[in-house]
Each structure stands twice: as C-alpha cells, then as structure tokens.
1. Among 124, 38, which is the only one that is at pLDDT below 50 and at negative phi?
2. Has the stretch 93-110 got any residue that is over 24 Å from residue 153 (Cβ atoms), surrounded by fewer than 12 Cβ atoms within 10 Å (Cβ to Cβ) and at pLDDT 90 or above?
3. Could you please find all residues in the stretch 73-87 being under 23 Å from residue 152 (Cβ atoms) and at pLDDT below 95?
Amino acid sequence: MDFKDIKELIRVFDKSELNKLKVKEGEFEISMQRGFEAGVTTVTTSAPVAQATFATPVVTAAPAIAETASAPKLGDVINSPMVGTYYSSPSPESPSFVEVGATIKKGQTLCILEAMKIMNEVEAEFDCKILEILVKDGSPVEYDMPIFVVEKI
C-alpha cells in the first residue's frame, strides 16, 4: 500500500460513520479509530516505512484558512501532505530551507516533516515566492494543515 492509498483510506474513513477500521495487506497493517473527541482520528501502522519525498502538497486559496492571530496575506496556501513534526532546516545549526520573501523553484525543498522517526522532505510543486510561514520550527502539523502562504510565479 503506497502513500496515495493510505491518504485516500484516511479521507474515506474520516467521511464515514465508522468508529474503527483495520486493514491488512501482506505485511502492511493499518488501524484507525476515532478518538474521544468528535472528529479526531487515530492512525496506527505496523509496517516498515522507507524515507519518502513528498512533492504533492495540497494547494488551496488563502481565504479558506481559519482566523489566526495575524491574518495571512492573500495568496495560495501550501498544506501539509501528512501528519508530523515541522522542521524548517535539516539540522538546528543549519539555515532554514526557505525564508519569508524567498523565491522558490519547483522541486526545491520547503521543509522537513518528521513522521515515525523518518525525515520527509516537502518540495515545491511550482515556482513561487514565500509570503508567510504559518508554522513554527519543531511544531506538530496535521494532514492538510496550512504551512506556507505563497504567490505563484
């Protein structure tokens, strides 16, 4: 089962009225169960996972973002392709991959998302300019959570 299949399975589970789901395919196994709060989903996998590079962040319009302390600038939003911990640089001593105002080329690394001790690089899907970084270094991110406000070039 690849990342696209897992992503679709989670989407279908979230829209269903099921409270618990367990899928086993060969040595791969995934279990999902709704949390104690309405709409919270817990996902557990028990298969070896290789390091992956995600070049398909979801892009939506900026006005779709919930109100935050400082309203983001108008532009497109790059959302997290997975659940994990956001890192702006490859190590604490290294400079950030991107800064506000930076011009980014398609395929350039935007950040790292750590999931299950695996570092996954998130790459730009298109040329753009970073208008705002919505997540602090070391913060947890959810699937489809806005992480960058950008302007397509």
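1. Answer to the selection: 38.
2. Yes, the stretch 93-110 has at least one match.
3. 73, 74, 75, 76, 77, 78, 79, 80, 81, 82
The values are calculated or read from the model by the stated rules, or taken from the named source; none is laboratory data. Computed from a predicted structure; not experimentally measured. No Cβ is skipped: glycine too gets one built from the backbone with ideal geometry, and neighbour counts run over all protein chains shown.
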